[in-house]
Amino acid sequence: MKRLPSGTGLEVYDTIDSTSAEAKRRAGAGEPGPLWILAHEQTAGYGRRGRAWQGRAGNFAGTFLFSPEGDPASFGQLSFVAAIAVLFALSEYARDGVLDLKWPNDILCEGGKLSGLLLERIDHDDTARVALGVGVNIIAAPSDLPYRAAKLIDVMDDAPPTLEELARRIDHHFWNMYMAWGKTGFAQIRDTWLKHARGVGDPICVRLPGEDARGYFEGLDEAGALILRQGDARRFITAGEIMFGE
């Protein structure tokens, strides 16, 4: 098996149904990770809420399977750890100032969605594992979506990274942020995330089941929930879809 400089295993498939589905299968068979599973093509890729993730050869599709240390109740914070890692990795290729984070774990490029992450917890043999799915539009972006998508090649001056090259950079930044999370907790991760986030202090609309909640994006609480300021009240939102502006 190939290994990255961190020691993490690396497997690359030409075609697979879903790297996240494969990570679940591997976890169910007892694989603890750390292991990156990459694919040049997915036939059934998916994102949050089971939505199909469209991709094509040349884009990035991968899932990182690992067994985190610590309280499983805090594993949701790893989505912020991962979002920072992917942002830092992509910033090595993109021009300065074009990338932002969108709550909870999307990466935007000039306002369009460049990358999406999916964190799934897998419990097997009394061990909690995590499958972190990462999709990045590198050379192509879908156009038939209810939001604007972006692609990395439009903000690059050099050749786009290969699948394995980008996995190596994400892996490097992830372990740096993961170690910081383990040593100092979520506070440093939250501060770093907010430093690179779009819309902090601005008016937003959060689409929730059955309602659209409007207010000002005040920040994140100690667990990563979005703080929505509505007049004199503060609302804490753990899941939803942000729309920027009034």
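Descriptive notes on the structure:
- For segment 177-196, a residue qualifies if it is of a type in the set (Val, Ile, Thr) and within 16 Å of Ala82 (Cβ to Cβ), and the qualifying residues are Ile189, Thr192.
- Of the residues making up segment 158-173, none is in contact (Cβ under 8 Å) with a residue 60 or more places away in the chain and among the polar types (S, T, N, Q).
- Listed by position, the strands (runs of 3 or more DSSP E) enclosed by segment 1-104 include none that has at least 1 residues that are without any contact (Cβ under 8 Å) to a residue 24 or more places away in the chain, within 14 Å of Arg121 (Cα to Cα) and within 18 Å of the chain's Cα centre (by Cα).
Residue-wise test of (1) of a type outside the set (Gly, Ala, Ser); (2) exposed (fewer than 14 other Cβ atoms within 10 Å of the Cβ); (3) in contact with a helix residue (DSSP H, G or I) (Cβ under 8 Å, 6 or more places away or on another chain).
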position: Leu4; (1), (2), (3): yes, no, yes
position: Lys24; (1), (2), (3): yes, no, no
position: Trp36; (1), (2), (3): yes, no, yes
position: Gly45; (1), (2), (3): no, no, yes
position: Ala73; (1), (2), (3): no, yes, no
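- Top-ranked residue of segment 127-153 - restricted to ones that are of a type outside the set (Ser, Thr, Tyr) and within 12 Å of Ala27 (Cα to Cα), ranked as modelled with the lowest pLDDT: Ala128
The values are calculated or read from the model by the stated rules, or taken from the named source; none is laboratory data. Please read these numbers as outputs of a predicted model, since none were measured by experiment. Note that we place each Cβ from the backbone using ideal geometry, even for glycine, and neighbour counts take in every protein chain shown.
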